[in-house]
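**Student:** Attaching a single structure in structure tokens format; questions to follow.
The values are calculated or read from the model by the stated rules, or taken from the named source; none is laboratory data. These figures come from a predicted structure and were not determined experimentally. Note that each Cβ is placed from the backbone with ideal geometry, even for glycine, and that neighbours are counted across all protein chains shown.
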Amino acid sequence: MKKKVEIIFDNILFSSFESNSIISRFNLKQIAKKDIEYTHYFVSDVFSKEKLFKNDTPNFYLENKDVYDFISGGIFNLGKSIIFKLYYNDKRIDEKIKERNTNPYWIDYYKGKEKYLEKKNLSDLNKKIYLQGDFYDNFILKTKNLNKKYYTPIIIDKEYKFIVMASVDEDINLYHSFIDNYNKNYRTNFEIIEFVNYDGFEFVVITISKGNYSDLFYLGFHLALMEIRSTSAYPI
């Protein structure tokens, strides 16, 4: 039986996804609730299968023979994609402007074109989102409360096993604390049952039997946030 889930979240995120593959990939839409615009996500099957991993260069799919209910895609990946998109959006803009202003090649290129450089930098700065740490810290609870107003949470009715790619290679056991933190805050029972390696890539196998199907979305967001905060010097 397919599990259909709807989620709406802060519309400030949609503007950062414009002209981005995230919109088409996850079929995101803008909808109005009581004259307030939100970004809407609808998935007709939470546990639809996807290829485990895709490497664009040399363009192959990593295959595996193990059976999982869910393979690091769809609703879970939307949660991860949101946080990484927001994080890298501002980071890349800062790095691009710094490169123009400090790299000798670009300094020479823009010599005599200072007004054009200023205009170009300003255009990029206007694309920044400027979200502070409390936005990320409050996102899950705020979005959960928002969705309770419009949708009845669909409770997980059995145990599922799914697999996600690990991004924290330095200390993969950090995932235990990431998962424990989510369970403590949101009364779920996500549990890591094993770490597996496919062709040199580390993956985490997780089970869940207590919570809502939308918790897969929030867990994706939470894990991505914890990964960034544990591995990057760039503040978030």
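**Student:** What helices (runs of 4 or more DSSP H), lying completely within the range 6-113, carry at least 1 residues that are modelled with pLDDT of 85 or more and closer than 30 Å to Y198 by Cα? Steps first, answer last, please.
**Tutor:** Values: elements: 12-17, 21-26, 74-102, 104-109.
Per the criteria, 74-102.
**Student:** So, one more: Filter the range 188-233 down to the residues that are buried (at least 22 other Cβ atoms within 10 Å of the Cβ), within 17 Å of the chain's Cα centre (by Cα) and either at pLDDT 90 or above or not in a strand (DSSP E or B) (or both) and list them by number.
**Tutor:** Answer for the range 188-233, where residues must be buried (at least 22 other Cβ atoms within 10 Å of the Cβ), within 17 Å of the chain's Cα centre (by Cα) and either at pLDDT 90 or above or not in a strand (DSSP E or B) (or both): S214, D215, L216, F217, Y218, L219, G220, F221, H222, L223, A224, L225.
**Student:** Still on this structure, please answer the following. I'd like to verify a number: residues in the range 120-166 that are among the aromatic types (F, W, Y) and surrounded by 15 or more Cβ atoms within 10 Å (Cβ to Cβ), how many?
**Tutor:** Restricting attention to the range 120-166, the residues satisfying the condition of being among the aromatic types (F, W, Y) are 130, 135-136, 139, 150-151, 160, 162.
Among the residues that remain, those that are also surrounded by 15 or more Cβ atoms within 10 Å (Cβ to Cβ) are: 135-136, 139, 160, 162.
So the answer is 5.
**Student:** OK, next. Checking N126 against (1) of a type in the set (S, T, N, Q); (2) under 24 Å from N89 (Cα atoms); (3) free of Cβ contacts under 8 Å to residues at least 40 places away in the same chain; (4) in contact with a helix residue (DSSP H, G or I) (Cβ under 6 Å, 6 or more places away or on another chain): exactly one of these is not met. Which one?
**Tutor:** Result: N126 passes all but (4).
**Student:** To continue, here is another question. Within the range 147-166, is there a residue that is of a type in the set (A, V, I, L, M, F, W, C), assigned to a helix (DSSP H, G or I) and at pLDDT 90 or above?
**Tutor:** Let us first name the residues in the range 147-166 that are of a type in the set (A, V, I, L, M, F, W, C), namely 154-156, 162-166.
Now restrict to residues that are assigned to a helix (DSSP H, G or I): none.
No, the range 147-166 contains no residue that is of a type in the set (A, V, I, L, M, F, W, C), assigned to a helix (DSSP H, G or I) and at pLDDT 90 or above.
**Student:** Run down N173, N185, N181 and say which single residue is modelled with pLDDT under 90, among the polar types (S, T, N, Q) and farther than 22 Å from K3 by Cβ. Even if it seems obvious, please write down each step before you answer.
**Tutor:** Details: N185 fails: modelled with pLDDT under 90; N181 fails: modelled with pLDDT under 90.
Step by step, each of N173, N185, N181 is checked, and only N173 is modelled with pLDDT under 90, among the polar types (S, T, N, Q) and farther than 22 Å from K3 by Cβ.
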